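Right, one structure below, let's go through it.
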Amino acid sequence: MKTSTAALLALIYSHVADSFVHPAAYGRSSSLRMSANPASSTFLTPELAKSCIDVAGGSPTYAYSLVSLESSADACLAFPNAYGLTVRYAAKACPNGSILKFFSSKGIHIDASSGYEVRRVIAAGIPPEHISLSSQELPEDFAALMDMGVKVNACSVSQLERIGKHYEGKGQKVGIRVNPGVGSGGFSKSTTSFSKTNVGGPSSSFGIWHTLVEDGTVPAIVEKFGLSVERIHTHIGSGSDPVIWQQVAQKSLSFCEVWDSVTTLNLGGGYKVGRVEGEVTTDLKEIGKPVADAFKEFAKTHGRELNLEIEPGTYLVAMSGALVATVQDKVFTTGDGSHTFLKLDSGMTEILRPSLYGAIHPITILPGSGKTEDIGNETEEVIISGHCCESGDILTPKPGEPEDLEERKLRKAEIGDILVVDGSGAYCSGMSSKNYNSFPEAPEVLVDKEGKVHLIRARQTLEQVYQNEVEIPEEIF
């Protein structure tokens with residue numbers, strides 16, 4: 001009996017989906033292993049990876065698993081709470097419209113980080129009243145957004161004053177984002193010093209410094225303009241140390257005491273996902289239960305049952321996405337410090353995290369034929385380099401030392417083989433350095449529950465890279 005290609009792909013993907021373990025199941029310590037010879041990546045078999053490339057019209061391409069997206073969404077929607085929960089997807093993590101629509105269909109709302117992002121989300125069909133904006137730069141059209149129903153959190157004193165002046169005496173509802181004085185960054189154990197992923201504490205510019213709430217400065221501004229504070233927002237970074245997170249939750253509740261009008265406390269996101277062995281995955285139940293208990297105590301004391309909001313980004317999409325690339329060259333050096341290098345048709349133009357943070361991602365070599373039977377057994381130790389003319393375009397930095405390299409033991413690769421970078425669903429497509437060296441923006445595909453691959457963003461053309469350039473008179477030269 002013959003089986004159609006579509007049916008075969010569905011059968012293969014069904015097997016992968018059944019064996020997929022979402023990070024929520026790992027608990028505090030990730031059980032992911034960077035095996036040199038896996039038969040598939042996190043959710044891509046050789047056949048499925050090849051199908052992603054074909055549908056995208058070539059590599060590199062981002063691929064997302066609908067099975068995994070749903071699993072992570074369900075995990076976040078089960079976050080412990082006392083009197084109601086609103087999950088807001090941090091759209092900046094991966095703002096593709098198809099992903100936004102899927103999360104919206106699950107009842108998840110949106111956290112936006114700029115006015116442009118708000119407009120993009122609305123264009124995807126998300127109701128304005130389901131969008132919350134916390135931005136380093138208050139958009140010029142903030143009032144138009146607020147009048148549409150977008151919930152805006154003032155993230156500085158000047159932002160609060162601008163909102164107040166526009167809505168003076170109208171009882172406009174507003175949120176206040178507070179820097180609670182400590183943070184939790186994924187690449188730093190300090191709660192107060194600088195880290196690129198720490199957005200709380202004295203080394204961070206995010207939010208209104210907590211003493212300005214405590215000394216009456218912020219309450220005075222609220223009273224002066226007749227504003228109504230309905231939300232308190234805090235976010236400490238992408239470390240999500242359970243102890244720190246719970247401490248901040250307690251402190252955040254104290255800010256809710258300042259205004260009787262507060263009905264919601266938003267504790268942000270930053271929940272870690274262990275992409276590789278040794279990295280910690282946040283246990284949502286572990287950090288959530290004590291917070292739910294604290295909300296109950298607050299209700300007993302103050303007679304107000306607060307709604308809880310959380311803003312996961314990484315947790316929702318990181319392990320639901322992969323970068324699918326091709327090994328386009330292989331070179332070596334000799335002598336001390338020599339290496340074998342696999343050069344990709346991708347790099348920091350699609351995945352900036354290794355260059356920016358020294359982030360480590362699982363990497364899998366699959367046969368270029370796209371056939372499981374062609375998987376080889378030989379391994380080698382290699383450095384993975386990107387296609388950009390940039391010395392920092394490396395996908396295998398040394399863990400903890402981003403300025404250094406570390407060889408990765410992988411299946412022996414040939415030119416033309418497929419290379420999958422897992423854990424690329426968050427802060428990759430949405431944070432790419434596209435168009436560097438004039439490389440076009442990569443396409444995106446979605447693998448549905450039956451294993452069918454759908455194009456959800458086409459590859460940018462070269463003309464689109466420079467279409468906004470404007471000619472000037474030649475005599476100027």
(message) Rounded, prolate or oblate for the chain? Axes are the square roots of the Cα gyration tensor eigenvalues, ordered a ≥ b ≥ c, and the cut-off for rounded is a/c under 1.5.
(response) prolate
(message) Taking 8 Å as the Cα distance limit and 6 or more residues as the minimum spacing, I'd like the relative contact order of the chain as a percentage.
(response) 21 percent
(request) Quick one: compute the contact order of region 362-449, relative version, from alpha carbon pairs under 8 angstrom and 6+ residues apart, as a percent. (result) 35 percent
(message) With a 1.4 Å probe and all protein chains left in place, how much accessible area per residue does the chain have, in Å²?
(response) 43 Å²
(message) Straight-line reach only, C-alpha to C-alpha below 27 angstrom: list the lysines that Lys343 could link to, leaving out same-chain residues fewer than 8 apart.
(response) Lys50, Lys330, Lys371, Lys398, Lys409, Lys412, Lys434
(message) I need the shape label for region 238-396. Rule: rounded when a/c is under 1.5, else prolate if a/b > b/c, else oblate, with a, b, c from the alpha carbon gyration tensor.
(response) prolate
(request) Divide by every residue of the chain the summed helix terms, -39500 (n - 2.57) for each DSSP H run of at least 4, and state the resulting mean residue ellipticity at 222 nm, rounded to the nearest 500 deg cm²/dmol. (result) -8000 deg cm²/dmol
(request) Could you work out the relative contact order of region 22-181, using alpha carbon pairs under 8 angstrom and six or more residues apart, expressed as a whole percent? (result) 13 percent
(request) Report in % the part of the accessible area of region 359-404 that belongs to carbon and sulfur, leaving out ligands and nucleic acids; probe 1.4 Å. (result) 42 percent
(request) Arrange the peptides 318-326, 332-340, 370-378 so that the one whose residues have, on average, the most other Cβ atoms within 10 Å appears first. (result) 318-326, 370-378, 332-340
(message) I'd like the accessible area for Arg119, computed on protein heavy atoms only with a 1.4 Å probe and all protein chains in place. Round to 10 Å², please.
(response) 100 Å²
(request) Return the lysines within reach of Lys165: Cα separation strictly under 30 angstrom, same-chain partners fewer than 8 residues apart disregarded; answer none if there are no such residues. (result) Lys92, Lys151, Lys173, Lys224, Lys251
(request) Give, as a single signed number, the net charge of other residues whose beta carbon lies under 13 Å from the beta carbon of Ser105, with Lys and Arg counted +1 and Asp and Glu -1. (result) 0
(message) Just to confirm a number: summing +1 for Lys and Arg and -1 for Asp and Glu over residues other than Ala49 whose beta-carbon lies under 13 angstrom from that of Ala49, what do you get?
(response) -3
(request) Take every DSSP beta bridge with both residues inside the chain and express the antiparallel ones as a percent of the total, to the nearest 5. (result) 50 percent
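The values are calculated or read from the model by the stated rules, or taken from the named source; none is laboratory data. The structure presented is a predicted model; accordingly, all values stated were derived computationally and were not measured. Every residue, glycine among them, receives a Cβ derived from its backbone with ideal geometry; neighbour counts consider all protein chains shown. These area figures cover heavy atoms from the full protein model, side chains too; ligands, DNA and RNA do not enter into them. Shrake-Rupley method; radii C 1.70, N 1.55, O 1.52, S 1.80 Å.
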